[in-house]
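Before any comments, here is the structure.
The values are calculated or read from the model by the stated rules, or taken from the named source; none is laboratory data. Everything numeric in this text was worked out from a predicted model, so none of it was measured. Don't worry about glycine lacking a Cβ; one is built from the backbone with ideal geometry, like all the others, and counts go over all protein chains shown.
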Amino acid sequence: MTSYPEIQLYVGGEWRRTSDDLPVLNPADETEIGRVPVASRQDLDAALQAAREGFKIWSRTSPRARAELIMRAASIMRERIDEIAYSITLEHGKPFAQARLEVIRGCEFFEWDAGEAQRTYGRVVPSEPGIKYLVVHQPIGMVAAFSPWNFPMSQPARKIAGALAAGCSIILKAAEETPAGALHIARAFHDAGLPAGVLNLVFGVPADISSYIIPQEQTRLVAFTGSTAVGKHLTQLATQTMTPVLMELGGHAPVIVCDDIDPNFAGVTSAVRKARNAGQVCTSPTRFFVQEAIFEQFSAAFAERAKAIIVGNGMDSSTEMGSVANHRRIEALEGFVSDARSKGAKVIAGGDRMARPGYFFPVTVLKDVPDDARVMREEPFGPLAIINPVKTLDEAIEKANSLPFGLAAYAFTHSSANADKLADGIEAGNVSINTLEASVAEVPFGGVKESGYGREGGAEGLHHYTVVKTISHRMLPETARRS
């Protein structure tokens, strides 16, 4: 295996070091594995200038040529899959097998959007003789993008793929805690021959970078994945210049389990999915509303499988769930469990930090959690699940919709009538029935209510990276021609 890469800024097609940097820690043992550079104001000015020049080139590059280069970069990433996955496991803690799947998923985003680059169709609007109305989609301009730490490679990939496929240039501010995934993407595009300035990668103090880049006149779109609170703040910054935003924000995903389903199957399936990425997923299944007839069986099956999840170093092939990403997640999870216990919730699996070096917290299952517990309203963003009984499907849908979030929601049922009612009634951008997968490259992904605005992926994925222009062309009579 390779060592952890040297993290650098990527500005105007060149790699940059800085005099100021921050540590990158391995959450499995809390040791320092590298340093991440902090961009200065001069670095940001250079990135803005580079992106301006890069846009002039890339926006005039044909869709086919853009697609070919994106596919070439994706191919390079697939060839380097183990190297990239190794870096991700070191900095994030997730099992190596899951890190490899993340790299594959990121490549799929690039490959899908490369195809969509050639399908940003306009139209001709029917009109009277002598005039033509054309509607065309053009690249919106420079994109200021911000990606989170929970998926170091696939989250930056979504932003970069959409921007580049549409013909935009981009400045990406990736997460300082997990910077290697974005670095590997930049390396692949550099090696694929992307023109200088089209893709720029910076790191640093998030508030300093966002407050400087977003209000710039040349910033034409802000694309962000992260918490609702930060998303609202960035949106406020963008309103100063009427800059549009693409926001993929927090969730608190409900799971409705109907009494016509095998409770053991649903419980085991749910426990395994809850452990994915240590629950640090905005779409992670968290609030389980189970019909009373199967409530106890489902709870027992979930708890039994949760207790059996092998938690350990992501480099160990037997590990099913790695550490959480940082000490803040440990503190948050301990707070949620303590509050729920004090209000009468039962802890039927996990509940306490594991006594070993590193940020390890087991899959934790809370049962019969009262509505006034903090975890019922706030996203835990960790391996914590809530299981509560409901009498009817209507009650379950009401509880699922009771929060101001609506990113992903799930349900288990054999009934087509139930499925239809769930699909219509749940307020979420993504509703999955009998599967706990919410996001794939070929379908649009995004939330409603306070879970965000806009969509990534699918045929809709490039819409926010383009502007719609209407062209009206009247043909003048010959008498108007200059003699």
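Structural remarks
- Residue in region 99-110 that is part of a strand (DSSP E or B), over 27 Å from V311 (Cβ atoms) and either among the aromatic types (F, W, Y) or at pLDDT below 95 (or both) present: no
- Options V375, V324, V347: the member that is in a strand (DSSP E or B) and outside the structural domain of T89 (by TED's automatic domain parsing): V347
- Scanning region 315-334 for residues that are of a type outside the set (S, T, Y) and farther than 20 Å from D352 by Cα gives M315, D316.
- Flag if S19 is in the same structural domain as V103 (by TED's automatic domain parsing), surrounded by fewer than 16 Cβ atoms within 10 Å (Cβ to Cβ) and either among the polar types (S, T, N, Q) or part of a loop (DSSP other than H, G, I, E, B) (or both): yes
- Applying a threshold of 8 Å to beta carbon distances and a minimum spacing of six or more residues, or different chains, the list of pairs starting in region 95-122 at a residue that is farther than 30 Å from S318 by Cα and without any contact (Cβ under 8 Å) to a residue 24 or more places away in the chain and ending at one that is of a type in the set (V, I, T) and not in a loop (DSSP other than H, G, I, E, B) reads G122/V135; G122/V136.
- When region 379-394 is filtered for residues that are closer than 21 Å to A419 by Cβ and of a type in the set (A, V, I, L, M), the ones remaining, listed by number, are V390, L393.
- Pair list, Cβ < 7 Å and 6+ apart or interchain, from region 390-406 residues that are polar (S, T, N, Q) to residues that are in a loop (DSSP other than H, G, I, E, B): N401/I426; N401/E427
- A207 passes every criterion in (1) crowded, with 22+ Cβ neighbours inside 10 Å; (2) part of a helix (DSSP H, G or I) apart from (1).
- When the test is whether a residue is over 22 Å from G226 (Cα atoms) and in the same structural domain as I104 (by TED's automatic domain parsing), A419 does not pass it.
- Qualifying positions in region 305-315 - surrounded by 13 or more Cβ atoms within 10 Å (Cβ to Cβ) and outside any helix (DSSP H, G or I): I309, V311, G312, N313, G314, M315
- G167 being surrounded by fewer than 21 Cβ atoms within 10 Å (Cβ to Cβ) and at pLDDT 95 or above: no
- Across region 126-150, the number of residues qualifying as over 14 Å from L246 (Cβ atoms), surrounded by 13 or more Cβ atoms within 10 Å (Cβ to Cβ) and β-branched (V, I, T) comes to 2.
- For region 141-169, the set of residues classified as over 17 Å from the mean Cα position of the chain (by Cα) and either in a strand (DSSP E or B) or over 21 Å from E68 (Cα atoms) (or both) consists of M142 only.
- Per-region count, region 172-204, residues among the aliphatic types (A, V, I, L, M) and assigned to a strand (DSSP E or B): 4
- Some residue of region 424-432 being modelled with pLDDT of 95 or more and part of a helix (DSSP H, G or I): yes
- N26, sole failed condition from (1) touching a Lys or Arg at 6+ places or on another chain (Cβ under 6 Å); (2) closer than 15 Å to W149 by Cβ; (3) not basic (K, R): (1)
- One residue stands out in region 451-483 among those that are assigned by TED's automatic domain parsing to the domain that holds R220 and of a type in the set (D, E): the one that is surrounded by the fewest Cβ atoms within 10 Å (Cβ to Cβ), namely E460.
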